[in-house]
Amino acid sequence: MSDTQNAAEQRIPVTVLTGFLGSGKTTLLNKLLRRPELADTAVIINEFGEIGLDHLLVEKSDDEGMVTLNSGCLCCTVRGDLVRTMSELFLKRAKGEVTPFKRMVVETTGLADPAPILHTLMTDPLLASRYRLDGVVTTVDGVNGASTLDNHEEAVKQAAVADRLLLTKTDIADAPKLEELKHRLYHLNPGAPFHSIADGDINPNEILNAGLYNPETKSADVKRWLHEEAYEGGHDHGHGHGHHHHGHDHGHDHGHDHGHAHGEQDPHNPNRHDDRIKAFCMTFDEPMSWSTVAAAFDALVTYRGPDLLRMKGILNVKDTDKPVVIHGVQHVFHPPATLDAWPEGDDRKSRVVFITRDIAESTIRKVFASFFDAEKKGWNQDEAAKPQ
């Protein structure tokens, strides 16, 4: 086992739970915390005041805002520094002062952009050595979701950066509107499997372990993490792969949705935030030098960082026969990780999944092409400079 994978297994997986106000995060948490799969979980909630966690779960509270739940979970509230809170919890765990929790759930406030929390997990050296981002789970209100997406750009971002999308209140939602919302979410984020839930009920295994490292196989599960097949072949193909969970009929024509996927404006809502979001997977056949690909990403981040909502990729880098995994959220990249080996049957092509805002796929292709061309020209000049 490589040091990278071994280290990843030692670190505590963190699930970031986000979603707009009233979209059912608290109901979901209440149900999840009763499940045995979430025993030994630390839960951090931003702004405890607005949260109605079921009083039946609470056993006792201490002076520091820490609450012990009778499922063996911990719960605490953060109004200040997430880094400090997560570090203190880890130290208490090491000293045996709290349950030796095995995972963490961080719930964001409903209006929050989840990106700063993801940046913190990726870049703070203390946290990065103790925790790893397992996945972003976003709840979307099946009743009011469409108007929330129309009126609040943050809600669109919450859906766009998700690893798992949960459509809530589906038991009371209007069926045709729900269908439309599902298609809308699919175009925003084809790579995130989504589940329709009612009253917060979901199998925890559907949303936990969404990250690169699979605790069952004790290794990296690139296929599940990238979910690249969801981006292939346009609308229908992607639906067949990406949406096997909700199994409704896709036979009817959704031609109007195609326009949104390609950035055309919705005649009913000319300011639709969704039209700014693009999701695509880029494949590179040739091995690439790390310095060139790093320079290309640096250029993208420098000029367009805020609009690179999320990137995940596996790269075939020259001078190593092991795949390099990259993961970025806007201008922040996780330190690249080297995996033990390529996934079985892998064609060793580099593949990067992008979710962008106001950046076309062609723009990113041009950036990469220009750096690859420059590398080739530089190499040719070196060859030419050699004495004959």
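The values are calculated or read from the model by the stated rules, or taken from the named source; none is laboratory data. Everything numeric here is computed off the predicted structure, so don't read it as measured data. Reconstructed Cβ throughout: ideal geometry from the backbone, glycine too, with neighbour counts over all protein chains shown. Heavy atoms of the whole protein, side chains included, go into the accessibility calculation; ligands, DNA and RNA do not. Shrake-Rupley method; radii C 1.70, N 1.55, O 1.52, S 1.80 Å.
Largest to smallest in accessible area, the residues W342, W290 fall in the order W290, W342 (1.4 Å probe, all protein chains included). Per-residue 3J(HN,Hα) values for the range 168-178, derived from phi via the Karplus relation 6.51 cos²θ - 1.76 cosθ + 1.60 with θ = phi - 60°, read 9, 6, 5, 6, 10, 8, 6, 4, x, 5, 5 Hz in sequence order (x marks Gly and Pro). What the phi angles of the range 138-154 give under the Karplus curve with 6.51, -1.76 and 1.60, with θ = phi - 60°, is a coupling list of 10, 8, 10, 5, x, 8, 9, x, 5, 5, 4, 5, 5, 9, 9, 5, 4 Hz, glycine and proline written as x. Across the range 365-376, computed HN-Hα scalar couplings (Karplus, 6.51 cos²θ - 1.76 cosθ + 1.60, θ = phi - 60°) run 4, 5, 4, 4, 4, 5, 6, 5, 5, 4, 4, 4 Hz from first to last residue, x flagging Gly and Pro.
The slack in the chain from D298 to A94, taken as 0.36 nm per residue of separation less the alpha-carbon distance, amounts to 69.7 nm. For a test of the definition: using alpha carbon positions, the gyration tensor, and the 1.5 limit on a/c, classify the range 140-241 as rounded, prolate or oblate. Here the range 140-241 falls in the prolate category. Under 5 Å from the amide H of M288 lie the amide H atoms of N316, V317, K318, each residue being 5 or more positions distant or on a separate chain, with H modelled from the backbone and absent for Pro and chain starts. With only Cα atoms counted, the range 85-152 has Rg and Dmax values of 15.6, 48 Å. How charged is the neighbourhood of V14? Take every other residue with its Cβ under 11 Å from the Cβ of V14, and add Lys/Arg as +1 and Asp/Glu as -1. My count for the surroundings of V14 gives +3.
Are there any GluC sites (Glu not before Pro) in the range 281-388 that are in a DSSP loop and have at most 16 other Cβ atoms within 10 Å? List them by number.
Details: sites: E344, E361, E375, E383; in loops: E344.
Those satisfying the criteria are E344.
Cross-link pairs exceeding 25 Å in C-alpha to C-alpha distance, out of K95/K312; K31/K182; K25/K95, comprise K95/K312; K25/K95.
The calculated pair-distance distribution of the range 287-357 uses every alpha carbon pair, bins of 10 angstrom beginning at 0, and gives 20, 52, 25, 3 percent. Here the label points at K223 and Q10, each 7 Å from Cα along the C-beta direction, are separated by 3.0 nm in the simple model.
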